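Colleague: Following this message is one structure expressed as structure tokens.
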Amino acid sequence: MLGRGSNPTTPTTILILLAAAWIAGCSSTPDHYLVHPREPAPDVVTWEENFVRDPLVIHVRGARRENRGRSPVAIVHPEGGKTADEMQGILWDLAARGYVAIAADYRRLIKGKYQRNYFAWRSSTDLTLIIDVTRAYPEADQNRIGALGFSEGAVVSLLMAAHDPDRIKAVVAYYPITDFPHWYAGERSGLCSRALFALGRWQMRVESGASSDSDFQAMLRLASPLYMAEFVRAPVLFVHGAQDTLLPPEESERMAERLKASGDTTELLVVPGGERLFNFRQPEQATHAWQATLAWLVRYLHPTPRAGG
């Protein structure tokens, strides 16, 4: 384990932050507590720590109820650019409902420094390391582990389920990119969507470190859950906003169809009126999606209800 370290700021990072600040006017700021508690329940304990296994450092935030014995695990991955700390309200929500809730963000060793990176996960062991981390907590039931992710975090959740199908028992994937080559080659309408799309593509190409376009395309394919669909065995709920123009519902639809064709348990919830990051911006749509999320996790992970209700 490591103490928390600083995140190095490079010229590329500065450009990204400046561009992101300009684009931020296109939509409201996400509220990660929108439909989640802003403080933990009295019997919920929380913690944070870092785990290192080169080439990764994983920063973990956790929450669970006291004196509950073995409980199902919900591994939470935030959207791109966000951290485990920003998942706090979701963790408190899940913990109060009987889960050992663990959020994670990652830094990869690049040129001698641990840095945030679009391609932090480059092997099966990278992707499944957070599942191994759950063994550090005796309250975590290793037979009931689920994954919940948002955007980039949904991609990681799906890839985890493909790379370790025996341990991931349920997945909820909010608005993932499932086919990066297809998404990367697409076009967007509207000034804000085009600007965000151009920024995302540029950042992805830079952070890949690929020496050629062919190498970059190979990395995009390896990062795409669609091409790993045959290995997924966990029941998967896709949640997508109907009005998301940056990551269109087609991304979830295509993978859901692929999983159904293989006989896997899959459902797709397209939320009417849901825009980009709707679950952190639009209360009505967020509530609808969160209720479906909880029902999915209950169905496949079976948490113990709180006494008296």
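The values are calculated or read from the model by the stated rules, or taken from the named source; none is laboratory data. As the structure is a computational prediction, the values presented were derived from the model and not from experiment. Please note: Cβ atoms are built from the backbone with ideal geometry, for glycine as well, and neighbour counts cover all protein chains shown.
Colleague: Filter the range 245-255 for residues that are more than 15 Å from residue 187 (Cβ to Cβ) and either aromatic (Phe, Trp, Tyr) or over 17 Å from the mean Cα position of the chain (by Cα) (or both) and give the result. Lay out the reasoning, then the answer.
Modeller: At the first step, the residues of the range 245-255 found to be more than 15 Å from residue 187 (Cβ to Cβ) are 249, 252-255.
Scanning the range 245-255 gives 253, 254.
Colleague: Of the conditions (1) surrounded by fewer than 18 Cβ atoms within 10 Å (Cβ to Cβ); (2) modelled with pLDDT under 95; (3) on the phi < 0 side of the Ramachandran plot, residue 48 satisfies every one except a single condition; which number is it?
Modeller: (2)
Colleague: Taking the options 284, 257, name whichever one is among the charged types (D, E, K, R), more than 25 Å from residue 33 (Cβ to Cβ) and in a helix (DSSP H, G or I). Can you show your working first?
Modeller: Working: 284 fails: more than 25 Å from residue 33 (Cβ to Cβ).
Checking each option against the conditions leaves just 257.
Colleague: Now for a different question. Tell me yes or no: at least one residue of the range 118-141 is part of a strand (DSSP E or B) and modelled with pLDDT of 95 or more. Talk me through it step by step, then tell me what you get.
Modeller: Of the residues in the range 118-141, the ones part of a strand (DSSP E or B) are 140-141.
Still in the list and also modelled with pLDDT of 95 or more: 140-141.
Checking the range 118-141: at least one residue is part of a strand (DSSP E or B) and modelled with pLDDT of 95 or more.
Colleague: A further question on this structure: Taking the options 268, 277, name whichever one is at positive phi, within 20 Å of the chain's Cα centre (by Cα) and among the hydrophobic types (A, V, I, L, M, F, W, C). So that I can check it myself, show each step before the final result.
Modeller: Values: 268 fails: at positive phi.
Of 268, 277, the one residue that is at positive phi, within 20 Å of the chain's Cα centre (by Cα) and among the hydrophobic types (A, V, I, L, M, F, W, C) is 277.
Colleague: Still on this structure, I have one more. When residue 238 is evaluated against the numbered criteria (1) assigned to a strand (DSSP E or B); (2) over 18 Å from residue 157 (Cα atoms), which criterion, by number, is the only one it fails?
Modeller: (2)
Colleague: Keeping to the range 184-211, report how many residues are free of Cβ contacts under 8 Å to residues at least 24 places away in the same chain and either crowded, with 16+ Cβ neighbours inside 10 Å or closer than 24 Å to residue 107 by Cα (or both).
Modeller: 6
Colleague: Can you name the residue in the range 67-110 that is assigned to a helix (DSSP H, G or I) and among the acidic types (Asp, Glu) and, of all such residues, is farthest from residue 152 (Cα to Cα)?
Modeller: 93
Colleague: For the range 60-67, check the following and say yes or no: at least one residue is buried (at least 21 other Cβ atoms within 10 Å of the Cβ) and touching a Ser or Thr at 6+ places or on another chain (Cβ under 6 Å).
Modeller: As a first pass, look at the range 60-67 and keep what is buried (at least 21 other Cβ atoms within 10 Å of the Cβ): 60-65.
Now drop any that are not touching a Ser or Thr at 6+ places or on another chain (Cβ under 6 Å), which leaves 63.
Scanning the range 60-67 turns up at least one residue that is buried (at least 21 other Cβ atoms within 10 Å of the Cβ) and touching a Ser or Thr at 6+ places or on another chain (Cβ under 6 Å).
Colleague: Same structure again: Condition (residue is among the acidic types (Asp, Glu), under 21 Å from the mean Cα position of the chain (by Cα), modelled with pLDDT of 95 or more and not in a helix (DSSP H, G or I)) applied to the range 18-41: is it met by at least one residue?
Modeller: Residues of the range 18-41 that are among the acidic types (Asp, Glu), as a first pass: 31, 39.
Within this subset, residues satisfying the condition of being under 21 Å from the mean Cα position of the chain (by Cα) are 31.
Those left that are additionally modelled with pLDDT of 95 or more: 31.
Okay, now just the ones that are also not in a helix (DSSP H, G or I), so 31.
Yes: one or more hits.
Colleague: Okay, next question. So, in the range 232-273, how many residues would count as being within 24 Å of residue 204 (Cβ to Cβ) and either surrounded by fewer than 19 Cβ atoms within 10 Å (Cβ to Cβ) or in contact with a Lys or Arg (Cβ under 6 Å, 6 or more places away or on another chain) (or both)?
Modeller: Residues meeting the conditions: 7.
Colleague: Quick check, is residue 56 in contact with a Lys or Arg (Cβ under 7 Å, 6 or more places away or on another chain) and under 29 Å from residue 34 (Cα atoms)? Before you say what the answer is, go through the steps one by one.
Modeller: On the way: in contact with a Lys or Arg (Cβ under 7 Å, 6 or more places away or on another chain): yes; under 29 Å from residue 34 (Cα atoms): no.
For residue 56, the condition - in contact with a Lys or Arg (Cβ under 7 Å, 6 or more places away or on another chain) and under 29 Å from residue 34 (Cα atoms) - is not met.
Colleague: So residue 173 fits all but one of (1) more than 19 Å from residue 56 (Cβ to Cβ); (2) at pLDDT 95 or above; (3) surrounded by fewer than 23 Cβ atoms within 10 Å (Cβ to Cβ); what number is the exception?
Modeller: Every condition holds for residue 173 apart from (3).
Colleague: State all residues of the range 60-83 that are in contact with a His (Cβ under 9 Å, 6 or more places away or on another chain) and β-branched (Val, Ile, Thr); if no residue qualifies, say none. Break it down into steps so the answer makes sense when it comes.
Modeller: Filtering the range 60-83 down to residues in contact with a His (Cβ under 9 Å, 6 or more places away or on another chain) leaves 72, 78, 82-83.
The one that is in contact with a His (Cβ under 9 Å, 6 or more places away or on another chain) and β-branched (Val, Ile, Thr): 83.
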